[in-house]
Structure formats: C-alpha cells, structure tokens
Amino acid sequence: MIILASASPRRRELLENMGLRDFLVRPSKHEEPYDASLEPGAAVEKIALMKGRDAAASAGTGDIVVAADTLVFLGGSPLGKPAGGDEAARMLRSLSGREHTVITGLAVISSSGERVCHESTRVRFRALSDVEIDWYVKTGEPMDKAGAYGIQGLGSMLIEGIDGDYFNVVGLPVARLAQELCAAGYNVFSGR
C-alpha cells in the first residue's frame, strides 16, 4: 500500500492523476524547521525525510511512504506559506517581475530503504500591479501555498514562464516520483 504523508489535496490529486487509486492519506504531524545551514535542496530533502519517517513509524512492512516538502526560494532565501494577507502581499511584491526557484524535497520510504531527492523548477513572474496583488490576496488562494501563489489556480495569471517540471511547482514532481517508486519496488506502470 502507498501512504501519502501529506494533507495536501493537490498532492492527492497528482497521485490519482498518476493512476494510483489505492493509497492512504496519512498526514505527518512532524514539523521540521528549515535548516538554513544546508543548501536549499538538502534542506527540503531533510524536511521531506523527517515527514516520511514520521508516517513510516505506523506503516506496515509492505507499505511505501511518500512524503514531500515544497519551498519557494528567492535569492537563496526561503518563502514558506504566508501567515496572513499582509505577508502574502509582501511575498507577491517581492516575486513580481523576477525569477525564483521552487524546490520540492521527496522521500520514498519502503522496506528496501529510504530514497531521498529533490527537484528544482525556475519560475518567472510578470510585473504585478498593486491592484492585481490585492485582488489575488483577497481570493484567499495564496494562504496555504509556499510563496503565496498556486500555479494550478488563479495564480497561473501571474506567471510569465517556467523552466522545469510544472508539477514540481504544484507540489509533487510526478515524473521523479514515478522513478523513485519503481526503484523502491512499486512499478507505477503495472500497478504493483
């Protein structure tokens, strides 16, 4: 059985889009702080691994745990989820007209071991007006998303272009996950 260690409806939907229907959602309660002493990729890998280990503690021997953590990095500094509308507006102003990097740490834990990796995608925002930022914040969409935007929703109107995996920006690098699941003994292409 695959266990998704995340409450994210976007990650659940992406697993379903991969053709995976028989999985459990068991969100991790582990809250690992961002370790600024590590490179960004290693820092998100560490967070994903800790979440995965938390979920794996109650998993069965044949289960495979999938955990992820996504952060937005602007100039090397992480932008997590905004605490409120003012912080969301500040984040969006800082992203306006600039390129940033979205990095997702991915952990796949099974009886064969722990596989940890990360995926990076560069995203370019177009220049945003204060009216656009205010409107977007008022929609509520930025509130539960790293960097205060969702590429798969209304936030798509803010983005000029991307270089890399679109699904990584949504929160789960699907192609990389398929490879890691296969390496852990679960062939997503045959369903076992």
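A short reminder: the numbers here are calculations on the coordinates, not readings from a lab. Being a predicted model, the structure only gives us computed values, none of them experimental. All Cβ positions, glycine included, derive from the backbone under ideal geometry; neighbour counts span all protein chains shown.
Taking 1.002 mPa s as the viscosity and 20 °C as the temperature, the Stokes-Einstein diffusion coefficient of segment 108-192 based on its alpha-carbon Kirkwood radius rounds to 143 µm²/s. Tell me which of SER77, LEU15, HIS100 sits at the most positive position along the dipole axis of segment 1-111, charges placed on C-beta atoms (Lys, Arg +1; Asp, Glu -1). Projecting each Cα onto the dipole axis, the largest value belongs to LEU15.
What's the angle, to the nearest 10 degrees (0 to 90), between helix 174-183's Cα axis and the longest principal axis of the chain? That works out to roughly 20 degrees.
Would you mind checking the tilt of helix 130-139 against the longest principal axis of the Cα atoms of the chain, expressed as 0 to 90 degrees and rounded to 10? Taking Cα atoms only, the helix is inclined about 40 degrees.
Dividing the helix sum by the residues of the chain, where each DSSP H run of 4 or more adds -39500 (n - 2.57), gives a mean residue ellipticity at 222 nm of -9500 deg cm²/dmol. Evaluated over the Cα positions of the chain, the convex hull gives a direction-averaged projected area, one quarter of its surface, of 10.2 nm². When the chain is described by a simple charge dipole with +1 on each Lys and Arg Cβ and -1 on each Asp and Glu Cβ, the residue from ALA57, VAL137, THR121 located farthest towards its positive end is ALA57.
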